[in-house]
Amino acid sequence: MNVPFGDLKVHYHSVKQEVDTAVKRVLESGYYILGPELKTFEENFAQYLGANYVVGCASGTEAIYLALVAAGVGQDDEVIVVAHTAVPTISAISMTGAQPVFVDIHPDTYVMDVTKVESKITARTKAIVPVHLYGQMVDLEPLMKLGADKGIPIIEDVAQATGAVYKKAQAGTTGAFGAFSFYPSKNLGAFGDGGAVCTNSTEGYERLLRLRNYGQSKRYYHDEIGINSRLDEIQSAILGAQLPHLTEWNARRKAIAARYTQGLRDVVFTPVEHNDHVFHLYVIQSGDRDGMQQYLSEKGVGTLIHYPVPAHLQKAYRYRDVNEGDLPVTEYATKRILSLPMFPQLSDEQVDYVIDQIKQYVQVNPAAKASQADFAAAKTVTSSVSPVKLR
Ligand SMILES: Cc1ncc(COP(=O)(O)O)c(C=O)c1O
């Protein structure tokens, strides 16, 4: 059997009629940038989120950038963030001229360890960026309280968690801004690049409208320095056609995850769900991750590692005074994690095949097993290393 990591062609065929109709409508309209499709999608997505405003933009990276600038982040400021994320989270911070200040992750959930944030706050801290990684949300309540006490805005990176809910609030709607990616494989994906920012602030909304469109307040009048970051009409129409499916797709992701966990929980370290988890990715840990990945590949199962090198150890960020060993839980996870196939069109038979292959590998190679005991070891790693100053 062949089980690809993802299959966007199968995805396209599951929505072909709606998407084809939407694309044709735009092509025939003669209106391709900042038109009615964008406006309708922004309104519908805002309604889905329960947010006052949504502003479409060109990518998730630029959604984070625009949100940071709208929150007042600029040159030489500091932004607290995790290193265990897609590097674009960090690129967006760098694009503002600010410095990323890294905190470690929680060993259960792979997302920001909110207890470690306060010690990183300095007079230059201008934002905190929790990343809802793999589809699971950061524990926002203590973070919001900390941000309110210190006067620091929280900007949620929702790229991997569109549709997740935390204490009745959609991901992205609790912080000052929420930044979304519509990269094709995301829970809600365009057929190209795309992103959006949501906010409840009218002032923030108006600023985002200017920033994404050359800083213009009206045509050819530039009130501030902006960029070109717009969600085009074709992608807006495609997203609008798919939005009604998001709830059912996330439910299917959860069902697939439950099936994986049921089959694998005694064999490998399966995801721990602290908050609502919409499973953009289903990530396990193995004691022999590389061997397992190789074996699965030979058996026709596609896997990936999210992410093999944390941001603080990437060449682009090595110029800073951050070293290996500084973020022990992040680095521990990096060596053990493996993302299994996860997309709504995956069949139960395919999921069962993946489970069987993993079980077989662990049977012949017991070192590949991972359990709660390893998880305890990760916690020891955390507490045995004294905090290192990252800057
Ligand atoms: C957590 C996270 N943040 C930001 C991004 C950037 O989004 P985009 O690829 O749309 O620029 C991604 C997607 O790769 C992501 O996964």
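The values are calculated or read from the model by the stated rules, or taken from the named source; none is laboratory data. From a predicted model like this one, the values you see are computed outputs, not experimental measurements. Positions of Cβ are backbone-derived with ideal geometry, glycine not excepted, and every protein chain shown enters the neighbour counts.
Residues of the range 153-175 being surrounded by 20 or more Cβ atoms within 10 Å (Cβ to Cβ), away from the ligand (no atom under 14 Å from the Cβ) and touching a residue at least 60 places away in the same chain (Cβ under 8 Å), which ones?
Pro153, Gly163, Tyr166, Gln170, Thr173
Might you let me know whether the range 273-281 holds any residue that is closer than 19 Å to His13 by Cα and either under 18 Å from the mean Cα position of the chain (by Cα) or in contact (Cβ under 8 Å) with a residue 40 or more places away in the chain (or both)?
Looking through the range 273-281, none of the residues is closer than 19 Å to His13 by Cα and either under 18 Å from the mean Cα position of the chain (by Cα) or in contact (Cβ under 8 Å) with a residue 40 or more places away in the chain (or both).
Just to be sure I understand, how many residues within the range 275-293 are assigned to a loop (DSSP other than H, G, I, E, B), over 22 Å from Trp249 (Cβ atoms) and in contact with a Lys or Arg (Cβ under 7 Å, 6 or more places away or on another chain)?
Narrowing the range 275-293 to residues assigned to a loop (DSSP other than H, G, I, E, B): 275-276, 278-281, 286-288.
Checking the rest, the ones that are also over 22 Å from Trp249 (Cβ atoms) come to 286-288.
Now drop any that are not in contact with a Lys or Arg (Cβ under 7 Å, 6 or more places away or on another chain), which leaves 286-287.
Of the residues in the range 275-293, 2 are assigned to a loop (DSSP other than H, G, I, E, B), over 22 Å from Trp249 (Cβ atoms) and in contact with a Lys or Arg (Cβ under 7 Å, 6 or more places away or on another chain).
Could you list, ordered by first residue, the pairs with Cβ atoms under 8 Å in which the first is in the range 179-195 and basic (Lys, Arg) and the second is surrounded by 22 or more Cβ atoms within 10 Å (Cβ to Cβ) and in a loop (DSSP other than H, G, I, E, B), at least 6 apart or interchain?
Lys186/Ala159; Lys186/Gln160; Lys186/Thr162; Lys186/His280
Looking at Ile93, Ile80, Ile105, which is the one that is within 16 Å of the ligand (Cβ to nearest atom), free of Cβ contacts under 8 Å to residues at least 40 places away in the same chain and closer than 25 Å to Val309 by Cα?
Of Ile93, Ile80, Ile105, the one residue that is within 16 Å of the ligand (Cβ to nearest atom), free of Cβ contacts under 8 Å to residues at least 40 places away in the same chain and closer than 25 Å to Val309 by Cα is Ile93.
Kindly check whether there is at least one residue in the range 135-143 that is within 30 Å of Glu248 (Cβ to Cβ), modelled with pLDDT of 95 or more, within 11 Å of the ligand (Cβ to nearest atom) and assigned to a helix (DSSP H, G or I).
yes
Identify, from the list Glu18, Glu37, the residue that is at pLDDT 95 or above, buried (at least 23 other Cβ atoms within 10 Å of the Cβ) and more than 16 Å from the ligand (Cβ to nearest atom).
One residue alone meets the criteria, Glu37.
Looking only at the range 70-100, count every residue that is in contact with a Ser or Thr (Cβ under 6 Å, 6 or more places away or on another chain), crowded, with 24+ Cβ neighbours inside 10 Å and either of a type in the set (Asp, Glu) or assigned to a helix (DSSP H, G or I) (or both) and tell me the total.
Counting residues in the range 70-100 that are in contact with a Ser or Thr (Cβ under 6 Å, 6 or more places away or on another chain), crowded, with 24+ Cβ neighbours inside 10 Å and either of a type in the set (Asp, Glu) or assigned to a helix (DSSP H, G or I) (or both) gives 1.
Take the residues in the range 40-69 that are surrounded by 19 or more Cβ atoms within 10 Å (Cβ to Cβ), farther than 16 Å from Thr162 by Cα and of a type outside the set (Ser, Thr, Tyr), then tell me which one is farthest from the ligand (Cβ to nearest atom). Give the steps one after another, and end with the answer.
So in the range 40-69, the residues surrounded by 19 or more Cβ atoms within 10 Å (Cβ to Cβ) come out as 41-42, 45-46, 49, 51, 53-69.
Okay, now just the ones that are also farther than 16 Å from Thr162 by Cα, so 58, 62, 65-69.
If we keep only those that are of a type outside the set (Ser, Thr, Tyr) as well, we get 58, 62, 66-69.
Numbers: Ala58: 8, Glu62: 7, Leu66: 12, Ala67: 11, Leu68: 12, Val69: 16 Å.
Step by step, filter the range 40-69, then rank; the result is Val69.
What number goes with the only condition from (1) under 18 Å from the mean Cα position of the chain (by Cα); (2) more than 23 Å from Asn275 (Cα to Cα); (3) part of a loop (DSSP other than H, G, I, E, B) that Gly226 does not pass?
Exception for Gly226: condition (1).
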